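To keep things clear, I will list the structure first and then write my remarks on it.
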Ligand SMILES: [Ca+2]
């Protein structure tokens with residue numbers, strides 16, 4: 001009788017360890033998936049948002065704007081962006097100056113510029129157009 005109880009206890013412990021191992025493995029697999037998603041440039045830009053990146057090809061620091069009115073200034077981030085994505089479903093115009101002033105760069109809905117070229121490190125506002 002004692003042996004049977006001991007065996008049952010050992011089995012319970014074994015299951016408990018297996019469950020703990022599963023719990024340890026599962027989150028790390030999820031983290032790997034997130035890392036993979038982030039490694040695809042631009043994949044961090046959500047639907048209905050405008051995303052501006054401080055480096056070409058949608059890399060570097062990203063500014064995500066979900067506002068329907070756009071931005072009349074990027075503040076300290078003015079003149080720092082080198083690539084942009086428009087996932088708003090509407091055409092968006094980017095401007096060299098604050099308050100939608102200066103030379104204008106239109107970006108059609110669901111399009112992107114991987115290299116802003118003449119507009120690199122120059123954009124300071126955007127709005128629907
Ligand atoms: Ca500017």
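The values are calculated or read from the model by the stated rules, or taken from the named source; none is laboratory data. On a predicted model such as this, the values are computed, not experimentally measured, just so you know. Please note: Cβ atoms are built from the backbone with ideal geometry, for glycine as well, and neighbour counts cover all protein chains shown.
For residue 42, the criteria (1) at pLDDT 95 or above; (2) touching a strand residue (DSSP E or B) at 6+ places or on another chain (Cβ under 8 Å) hold in every case but one, which is (1). Of all the criteria given as (1) in contact with a strand residue (DSSP E or B) (Cβ under 6 Å, 6 or more places away or on another chain); (2) within 12 Å of the ligand (Cβ to nearest atom), the one not satisfied by residue 60 is (2). All conditions but one from (1) surrounded by fewer than 11 Cβ atoms within 10 Å (Cβ to Cβ); (2) at positive phi; (3) at pLDDT 95 or above apply to residue 89; the one that does not is (3). Scoring residue 105 on the criteria (1) under 19 Å from residue 42 (Cα atoms); (2) within 14 Å of the ligand (Cβ to nearest atom); (3) touching a helix residue (DSSP H, G or I) at 6+ places or on another chain (Cβ under 9 Å) leaves a single failure, condition (1).
Quick check on residue 49: is it more than 16 Å from the ligand (Cβ to nearest atom) and at pLDDT below 95? No. Residues satisfying the criterion are present in the stretch 69-81 (criterion: out of contact with any helix residue (DSSP H, G or I) (no Cβ under 9 Å at 6 or more places or on another chain), more than 16 Å from the ligand (Cβ to nearest atom) and outside any helix (DSSP H, G or I)). Checking each residue in the stretch 97-129 for being under 23 Å from the mean Cα position of the chain (by Cα), assigned to a strand (DSSP E or B) and loosely packed, with under 15 Cβ neighbours inside 10 Å picks out 106, 128.
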